Amino acid sequence: MVSTQVERRGIADPRVLEAMRTVPRHLFRPDRLRDQAYTDQALPIGEGQTISQPYIVACMLAALRLQGTEKALDVGAGSGYQTALLSRLCREVIGIERVSVLADRAARRLADLGCTNVRLVTGDGSLGYEEEAPYDASW
């Protein structure tokens, strides 16, 4: 996925590429879509939400130009995939997800992956998450 869909299309940030190589995207989608986990498309994750297309995720991460010292806010954490990627690129990540069932699933996945620098909260992130502000990066 990384070499054929991300690098080939111009994403060169080595930290972003490494994060995408180490976070297993197949863990963040429903089992019935396992064979599509590494395709370059958004996939449904339930509750009317999707996991974003890998190339778009890579573009957004590269645009942030993260150095590893940042505190980031992930608005609409969904499955937790982007949150997991951010956990490898930032000092601290706050993820906020309004759909509680998705937030609960994402929190379990992140814990299972050892993402200890992440805190996932359930709530409406349309206005950010003031309780943990300020942030160095948000998306």
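Values quoted throughout were computed directly from the atomic coordinates according to the rules given, and no laboratory measurement underlies them. Owing to the predicted nature of the structure, the values given are computational and were not obtained by experimental measurement. As a convention, Cβ positions derive from the backbone with ideal geometry for all residues, glycine included, and neighbour counts pool all protein chains shown.
Let me make sure I get this right: for the chain, a, b and c are the square roots of the gyration tensor eigenvalues over alpha carbons, sorted descending. Under 1.5 in a/c it's rounded, otherwise prolate if a/b > b/c, else oblate. Which is it?
On the way: a/c = 1.71, a/b = 1.11, b/c = 1.54.
It comes out oblate by the Cα gyration axes.
Sequentially through the stretch 27-36, phi angles give Karplus couplings (6.51, -1.76, 1.60; θ = phi - 60°) of 6, 10, 9, x, 3, 5, 10, 4, 5, 9 Hz, Gly and Pro residues having no value and appearing as x. Can you give the Rg to Rh ratio for the stretch 82-139, taking only C-alpha atoms and Rh from Kirkwood? My calculation of the ratio gives 0.93.
What is the sum of charges, Lys and Arg at +1 and Asp and Glu at -1, for the other residues whose Cβ falls under 12 Å from the Cβ of THR22? Don't skip to the answer; put the middle values down first.
On the way: positive: ARG15, ARG21, ARG25, ARG88; negative: GLU18.
That works out to +3.
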